[in-house]
Amino acid sequence: MDASAQGSKPGCGLASSLARQFGRPAGLAGSMIGPFMAWRNRRLNRLAVKLLQARWADRVLEIGFGPGKCIRFLARAVGEGLVAGADWSEVMVAQAARRNRLYVRAGEVDLRLACVTALPFPDGRFTRALAVDSFQFWPDQARGLAEVRRVLGEKGRLLLVLRLRTGRRRFPRLPGFTEQDLPAVEEMVRRAGFGEVRVERRDIGAPVAGLIAAR
């Protein structure tokens, strides 16, 4: 299993500072990463909204929302519900807040500077939770999953959208998962107390796995 799927800290063992910026964007370089992330994950974000099956009046939490494109899609989907986010990058919180400023002002979007291992939300607050291409950067995946389960209500749904690495080499070489890693990720989710775990595989120009589980 890839080292990034074992709860290693973001940046540990990465080949470049650019790769570390994807885990926790900071400073001028981080501000430049945001627009690239919005472009790079555009198909992933749309797929995530589809797989999550967010409904009108749902309360949705996104972990590692980055520049906030998926936050906007979700806000449109849940209408009078709530979309909240936790991201530990000040740069990303600022970019996402600007991108979603109308929803923030209306009280329909709540963006927090926070790590997944210490979510600033009460027990059972949300009906849906998701992470899009960010699970590999969680500093402690087991603890993070436990926190996400805590803030999900009964029968809440979890979605992890994982971009799968292949043998083709690309630059930059970012941490992530391979097809062979998926069984271990599924087992980690089960150990955190989730059930009905399944994986939806898609090809959006690159292989992607959507791991879906119920609280």
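Quick look at the numbers
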read-out: Prolate/oblate/rounded label for segment 59-204 (Cα gyration tensor, a/c 1.5); value: oblate
read-out: Using a Förster distance of 30 Å, the FRET efficiency for residue 80-residue 201 (Cβ separation, nearest 0.05); value: 0.35
read-out: Residue 123-residue 40 FRET efficiency (beta carbon distance; Förster radius 30 Å; 0.05 resolution); value: 0.30
read-out: Spatial separation of Cα centroids for segment 67-122 and segment 195-213, in angstrom; value: 24
read-out: Dimensionless Rg/Rh of segment 66-120 - Kirkwood Rh, Rg from C-alpha atoms; value: 0.95
read-out: For 133, 58, 123, order by how many other beta-carbon atoms lie within 10 Å, fewest first; value: 123, 58, 133
read-out: Per-pair calculated FRET efficiency, R0 = 45 Å: residue 178 and residue 106 via Cβ, rounded to 0.05; value: 0.60
read-out: Ranked 115, 70, criterion: other C-beta atoms within 10 Å, fewest first; value: 115, 70
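None of the figures in this text is laboratory data; all of them are computed from the coordinates on show. This one's a predicted model, so the numbers in the text were calculated from it and none came from an experiment. Here the Cβ is made from the backbone with ideal geometry for all residues, glycine too, and neighbour counts use every protein chain on show.
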